[in-house]
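The values are calculated or read from the model by the stated rules, or taken from the named source; none is laboratory data. Predicted, not measured: the structure shown is a model, and the values here were computed from it. All Cβ positions, even for glycine, are placed from backbone atoms using ideal geometry, and neighbour counts span all protein chains on display.
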Amino acid sequence: MKTLREYIKEAEEKKIAIGHFNISNLEALHGIYNAAKKFNLPIIIGLSEGEESFIGREEAVALIHAIRKRDNYPIFLNGDHHYGFESVKSALDAGYDSAIIDAVKLSLEENILLTKKCVNYAKELSKTENRDILIEAELGFIGTSSKVLDKIPEGISEATMTKPEDAKYFVEKTGIDLLAPSVGNIHGMVKGGNPKLDVKKIKEIRETCGVPLVLHGGSGISDEDFTNAIKAGICMIHINTEIRVAYREALEKFLKENPNEIAPYKILQPAVEVIEKTVEARLKLFNNIKWKNVYANLKYN
Ligand SMILES: [Zn+2]
């Protein structure tokens, strides 16, 4: 099986994006994996610190590794938005394939120091354990929560977008493998529509900084923006809020219609199905899969 780094490289060459989907529970994992399997696409499961503490760090690794081994399938685990060195280290020690050190709230110099420390640790661990661990970092502000928002959060503006020359400096100083820029994207979904992406800036940043780019806050972005962003240099896209909304709605509907049902595996089945549909639609878009050739041309590698 190829490494995550190799899949990312391949995605860039093919001008497609790998889907990164967050989970809080087993239902979401099943829904996401069912969708990915249909197209035989590599997939990344993300766990924020909150999601990780709910599922359990080692439990999550065991789940992902079990699927990978059983099906010989390229499913990877990423520590999404980990805020300190210890938190990144614990995730990598447990067996995560990659982690995001999120130090955007610090000054640029402090962000660089902390990110560099994580990169060094990942390199060392990769060597001793014969793995290829990736470190991603964020530059520029994109908000913090995967929620449905009434309006665009405070503090997000043209001024907080990533500047190409800053991105270059940051990558050179830290040695990160992936960069999450601020290019009009925000975490969460804004009622009435998310802002438009600055596709030109994506292209400039990718050309200047020299590492693959990850788009956070994918929920609520228009199909056209996604397609253009991928063409401009995005090779991985994070979706979380959409899955949460789908899960919640399916659960509410089922409970309302079946007030006497108490078997969790029956109550939660519609949630698995609706997550699968949500993810399937995103994967088709990110991988430029047209309905007609889906089953004829499935092989990713
Ligand atoms: Zn994010």
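A few notes on this one:
- Going through (1) assigned to a helix (DSSP H, G or I); (2) over 21 Å from K116 (Cβ atoms) one by one, H187 falls short only on (1).
- Which numbered condition I55 misses (of (1) under 19 Å from I133 (Cβ atoms); (2) buried (at least 16 other Cβ atoms within 10 Å of the Cβ); (3) not acidic (D, E)): (1)
- Any chance R244 is modelled with pLDDT of 95 or more and over 30 Å from K163 (Cα atoms): yes
- For segment 221-254, residues that are in a helix (DSSP H, G or I) and buried (at least 19 other Cβ atoms within 10 Å of the Cβ) total 12.
- Y73 being over 14 Å from the mean Cα position of the chain (by Cα) and either hydroxyl-bearing (S, T, Y) or within 16 Å of the ligand (Cβ to nearest atom) (or both): yes
- Selection count where residues are in a helix (DSSP H, G or I) and within 16 Å of the ligand (Cβ to nearest atom), scope segment 31-59: 4
- Of N194, N185, all but one fail to be over 17 Å from the mean Cα position of the chain (by Cα), within 16 Å of the ligand (Cβ to nearest atom) and within 30 Å of V274 (Cβ to Cβ); the exception is N194.
- Conditions (1) within 16 Å of the ligand (Cβ to nearest atom); (2) aromatic (F, W, Y); (3) within 24 Å of K117 (Cα to Cα); number of the one not met by Y169: (1)
- Of all residues in segment 175-201, those that are closer than 20 Å to H81 by Cβ have Cβ atoms under 6 Å from Cβ atoms of residues that are more than 16 Å from the ligand (Cβ to nearest atom) and of a type in the set (K, R), 6 or more apart or on another chain, in V183/K201; G184/K196.
- Residue among S24, S48 that is among the polar types (S, T, N, Q), touching a Gly at 6+ places or on another chain (Cβ under 9 Å), surrounded by fewer than 19 Cβ atoms within 10 Å (Cβ to Cβ) and within 18 Å of V245 (Cβ to Cβ): S24
Here's the yes/no breakdown for (1) under 17 Å from V272 (Cα atoms); (2) among the charged types (D, E, K, R); (3) over 15 Å from the mean Cα position of the chain (by Cα):
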{"position": "G19", "(1), (2), (3)": "no, no, no"}
{"position": "N22", "(1), (2), (3)": "yes, no, no"}
{"position": "L47", "(1), (2), (3)": "no, no, no"}
{"position": "F54", "(1), (2), (3)": "no, no, yes"}
{"position": "V61", "(1), (2), (3)": "no, no, yes"}
{"position": "R68", "(1), (2), (3)": "no, yes, yes"}
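- Selection from segment 203-221 of residues that are over 21 Å from S145 (Cβ atoms) and either modelled with pLDDT under 95 or away from the ligand (no atom under 16 Å from the Cβ) (or both): K203, E204, I205, R206, E207, T208, C209, G210, V211
- Any hit, segment 95-118, residues being within 17 Å of T3 (Cβ to Cβ), in contact (Cβ under 8 Å) with a residue 60 or more places away in the chain, more than 16 Å from the ligand (Cβ to nearest atom) and not basic (K, R): yes
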